[in-house]
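Asker: This structure is in structure tokens; I'll ask about it shortly.
The values are calculated or read from the model by the stated rules, or taken from the named source; none is laboratory data. Since the structure is predicted, the reported quantities are computational estimates derived from the model, not experimental observations. All Cβ positions, even for glycine, are placed from backbone atoms using ideal geometry, and neighbour counts span all protein chains on display. Just the protein is used for accessible areas: all its heavy atoms, side chains included, with ligands, DNA and RNA removed. Shrake-Rupley method; radii C 1.70, N 1.55, O 1.52, S 1.80 Å.
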Amino acid sequence: MNPSLADLTRRLGGIAYGGDYNPEQWPRETWAEDARLMRRAGVNLVTLGVFSWSRIQPRPGVRTWDLLDEVMDLLHRHGIAVDLATPTAAPPPWFTRMHPDARPVTASGTRLAQGSRQVFCPSSPAYARAADALVAELASRYADHPALALWHVHNEWGNHNALCYCDTSAGAFRAWLRDRYKTLDAVNEAWGTDFWSQRYGEWEEIDPPRDTTAFRNPGQELDYRRFSSDALLERHRAETALLRRAAPHIPVTTNLMGTLEKKVDGYAFAAECDAVSIDHYLPAADPGGHIDLALNADLARGMAAGRPWLLMEHSTSAVNWQPVNVAKRPGETRRNSLTHLARGADGLMFFQWRQSRAGAEKWHSAMLPHAGTDSRVFKEVTALGAELRSLREVAGTHVAGDVAVLFDWHSWWALELQARPSGEFRYLDAVRDWYEALWRLNVTCDVVAPGADLTSYRAVVAPGLYLLSGQDAGNLTRYVERGGHLAVGCFGGVVDAYDRVHPGAHPGALRETLGLVVDEYLPLRPDDEVRLEDGTGVRQWAERVESRGCRTVLGFADGPEGGPARGGPAVTRHDFGQGVGWYTAARLSADALLPVVRALCDEAGVTPAASTPPGVEAVRRVGGKGSYLFLINHTEDTVSVAVDGVGLADAEILEGEARVPPGGVVVVRESTPPGGCGTRRSSAPRGVLA
Ligand code: GAL
């Protein structure tokens with residue numbers, strides 16, 4: 001059996017805490033101070049070596065390990081464990097000079113220059129050889145080092161270089177297609193190449209979907225995304241195999257990017273890891289950034305098949321890559337960190353330990369900022385480190401969502417290809433609106449793939465699931481037939497895995513389950529708004545739907561010109577098998593989705609994790625050791641929440657009431673967990689429609 005995250009937290013005696021450590025940026029004298037201050041801050045794990053390639057291998061054929069040797073020993077002496085990275089995310093300048101063809105090429109044919117990071121083509125044999133040789137030596141050198149606790153493969157696979165359009169990639173794409181389709185006829189069929197006279201007669205005629213005169217073939221584009229994700233996955237597998245061979249007792253992870261990253265299929269990479277990790281950065285311009293955080297944490301847990309996971313990077317304050325890099329407010333880092341903990345993280349790490357003096361990220365915050373140890377940030381970091389020690393019993397417990405939110409990279413890719421009915425309809429916006437409605441009800445969700453085992457969920461929501469393969473459609477249909485409650489967002493179930501429209505009327509994959517057909521999709525102009533019967537305004541998207549057995553729960557009041565008649569279905573409900581299929585024939589905001597989601601949850605017997613005032617998030621972790629209720633106050637007032645238990649850390653609980661200060665978080669060890677989210681019951685009581 002492979003080692004797991006539990007092995008790491010057992011070794012650390014609780015929650016992992018620390019960040020990326022880049023000692024190569026600092027003179028040697030600083031290292032001892034770093035180790036001492038890490039201890040003071042409560043750091044027990046650091047990620048080392050992510051960008052060390054040019055130090056380890058300053059010239060071809062020369063390897064110098066003294067820096068890593070010394071820092072590994074130093075950290076070990078200070079009781080700090082190491083998450084040792086394969087330094088393959090930043091090939092050094094000598095490499096690109098020696099192998100200019102290994103640099104990635106854009107869709108318009110520009111070969112990118114050295115001078116940043118991830119300057120390599122994912123399919124380059126020269127890169128693969130150089131990376132594997134380095135990883136093999138790193139693995140055997142440190143396999144038995146006492147500081148080594150976790151392997152960190154690469155860094156954010158595909159963040160900057162996932163899509164390369166060079167000739168090497170073209171050859172690898174053809175090989176991938178041959179392997180997948182076997183015959184050219186099958187490719188022609190999948191891509192619909194009879195359209196615009198694109199039929200291929202030889203494999204060599206197929207290129208990557210480079211810039212061309214007009215719209216590119218959507219099947220080709222979609223497969224190019226799959227191929228590109230797979231090319232990096234192959235690299236990930238190769239590095240992982242080398243690490244496992246040298247040190248089978250050490251768990252392997254890689255930092256995935258959740259919804260920040262469209263380019264690689266997160267589930268595929270997560271399946272190759274012993275421990276799942278994600279990075280999360282708050283979008284500063286988004287007033288609901290904390291909801292984006294919760295969504296990503298639930299996705300990380302979904303990728304980890306419900307097990308605890310690691311937050312590999314977040315920031316102590318501002319980042320440096322958004323249009324305006326807003327500093328975090330006092331208490332915000334603690335609130336963000338404890339929200340990740342609430343949603344199943346067993347480790348909370350930052351980018352990075354010491355703020356850089358030079359280079360592209362010197363304006364990115366760190367645990368130890370330019371202002372030094374007397375700063376607000378360092379004091380908060382140190383206080384958080386101490387608090388996490390008092391919360392260590394939470395590590396290893398689980399969060400169990402009652403509701404599944406389906407999330408799919410393939411549908412994201414397909415929905416946003418060229419020549420769609422509306423460029424305004426963005427995949428993540430749809431996911432976020434549904435998720436936000438559930439979040440506001442304090443319903444804990446697992447964010448999982450459409451092919452996941454759904455049998456334990458009381459309800460399933462499917463936003464933006466434009467692409468739905470026949471197999472995944474079967475999964476959803478069986479779920480409803482057997483008594484599940486499924487809600488499908490507009491423009492869902494439309495195309496198959498190749499972006500070909502499912503035959504017959506829309507939504508071909510789910511017509512029968514939902515008991516309706518879509519007569520026509522009616523995207524709205526940017527300024528248009530139509531109304532529903534309850535006064536809700538709808539922007540972006542409406543549909544003219546006809547019932548084939550469903551009943552209208554909410555109708556349109558005034559459709560777009562030529563659109564649905566007054567009373568025409570906007571929200572529908574259909575009894576199917578032993579379950580129910582809901583559909584929204586309009587792009588509804590989180591506000592508008594709230595009553596829909598409430599009705600879905602009532603009927604499915606979903607209850608919130610706790611009853612709290614608006615703006616107060618409640619999530620429960622449960623395990624052999626106990627049940628822990630996290631209350632996270634996003635409002636500007638102190639709130640009281642009825643609880644049954646004792647507060648951990650310095651939480652204030654008086655006569656069964658937890659007082660949560662503005663922006664604060666309280667963790668309660670519960671005496672008896674109530675039957676809310678996180679404590680799935682075996683039979684769903686039938687509720688009443690709101
Ligand atoms: C991540 C990356 C880190 C650092 C960080 C800054 O995407 O893994 O190396 O660049 O962003 O926010």
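Asker: Out of the DSSP beta bridges found with both residues in the chain, what percent are antiparallel (nearest 5)?
Answerer: Beta bridges within the chain, antiparallel portion: roughly 55 percent.
Asker: While we're here: Let a ≥ b ≥ c be the square roots of the eigenvalues of the Cα gyration tensor of the range 403-604; is it rounded (a/c under 1.5), or, if not, prolate (a/b larger than b/c) or oblate?
Answerer: Since a/c stays below 1.5, the shape of the range 403-604 is classed as rounded.
Asker: Just check the range 616-670 against the gyration tensor rule for me: Cα atoms, a ≥ b ≥ c as the square roots of the eigenvalues, rounded for a/c under 1.5, and otherwise prolate or oblate depending on whether a/b exceeds b/c.
Answerer: It comes out prolate by the Cα gyration axes.
Asker: If you don't mind, another one. Compute the signed sum of charges (Lys and Arg +1, Asp and Glu -1) over the other residues within less than 14 Å, Cβ to Cβ, of residue 113.
Answerer: That works out to +3.
Asker: Additional query: Roll a 1.4 angstrom probe over the protein heavy atoms and tell me the percent of accessible area of the range 403-604 that is carbon or sulfur.
Answerer: It is 43 percent, rounded to a whole number.
Asker: Could I have the simple spin-label model distance between residue 200 and residue 418, label points 7 Å from Cα toward Cβ, reported in nm to one decimal?
Answerer: So the label points at residue 200 and residue 418 sit 1.8 nm apart.
Asker: Under unit Cβ charges (Lys, Arg +1; Asp, Glu -1), what dipole magnitude, rounded to 20 debye, does the chain have relative to its Cα centre?
Answerer: In total the dipole reaches around 1300 debye.
Asker: Count charges around residue 589 for me, please; just the other residues with Cβ under 14 Å from its Cβ, Lys/Arg as +1, Asp/Glu as -1.
Answerer: Residues near residue 589 contribute -1 overall.
Asker: How would 65, 363 rank on accessible area, largest to smallest, probe 1.4 Å?
Answerer: 363, 65
Asker: Please work out the FRET efficiency for the pair residue 140 and residue 654, using the Cβ-Cβ distance as r and a Förster radius of 45 Å; give the result to the nearest 0.05.
Answerer: 0.20
Asker: Okay, next question. Percent of accessible area on the range 183-290 owned by carbon and sulfur, 1.4 Å probe?
Answerer: Carbon and sulfur atoms account for 52 percent of the accessible area of the range 183-290.
Asker: With every protein chain left in place, what is the accessible area of residue 407 in Å² (1.4 Å probe, nearest 10)?
Answerer: 0 Å²
Asker: Here's another thing I want to ask about it. Given an 8 Å cut-off on Cα distances and at least 6 residues of separation, report the relative contact order of the range 403-604 as a percent.
Answerer: For the range 403-604, the relative contact order is 21 percent.
Asker: How many angstrom separate the Cα center of the range 588-634 from the Cα center of the range 26-47?
Answerer: 40 Å
Asker: If I ignore ligands, DNA and RNA and count only protein heavy atoms, how much of residue 78 is accessible to a 1.4 Å probe, in Å² to the nearest 10?
Answerer: Its accessible surface works out to 50 Å², give or take rounding.
Asker: For the range 403-604, build the charge dipole from Cβ charges (+1 Lys, Arg; -1 Asp, Glu) around the Cα centre, then report which of 589, 503, 522 sits farthest towards its positive end.
Answerer: The listed residue farthest towards the positive side: 503.
Asker: Residue by residue through the range 311-328, which ³J(HN,Hα) values in whole Hz follow from phi under the Karplus form 6.51 cos²θ - 1.76 cosθ + 1.60 (θ = phi - 60°), with glycine and proline marked x?
Answerer: Along the range 311-328, the couplings run 8, 7, 9, 8, 10, 7, 7, 5, 9, 10, 10, 9, x, 10, 9, 6, 6, 6 Hz.
Asker: Would you kindly calculate the translational diffusion coefficient of the range 101-224, applying Stokes-Einstein with the Kirkwood radius from alpha carbon pairs, for 25 °C and a viscosity of 0.890 mPa s, and quote it in µm² s⁻¹ without decimals?
Answerer: Translational diffusion coefficient: 145 µm²/s.
Asker: Can I ask one more? Under 8 Å for C-alpha pairs, at least 6 residues apart: give me the relative contact order for the chain, rounded to a whole percent.
Answerer: Relative contact order for the chain comes out at 10 percent.
Asker: Quick check for you: with a 1.4 Å probe and neighbouring chains kept, what is the accessible area per residue of the range 403-604, in Å²?
Answerer: 34 Å²
Asker: With every protein chain kept in place and ligands, DNA and RNA left out, what is the accessible area per residue of the range 158-266? Probe 1.4 Å, answer in Å².
Answerer: 43 Å²
Asker: Now a separate question. When every alpha-carbon pair in the chain is counted, what percent end up more than 38 Å apart?
Answerer: The share of Cα pairs beyond 38 Å in the chain comes to 38 percent.
Asker: When ranked by the protection proxy of mean other Cβ atoms within 10 Å per residue, highest first, what sequence do the peptides 502-511, 441-450, 318-327 form?
Answerer: Per-residue Cβ counts within 10 Å, averaged per peptide and sorted highest first, yield 441-450, 502-511, 318-327.
Asker: Which of the pairs 328/625; 263/379; 263/328; 262/362; 262/625 have their Cα atoms more than 31 Å apart in this structure?
Answerer: Too far apart for the 31 Å limit: 328/625; 263/379; 262/625.
Asker: Per residue, how much accessible area does the range 616-670 show when a 1.4 Å probe rolls over the protein heavy atoms, in square angstrom?
Answerer: 42 Å²
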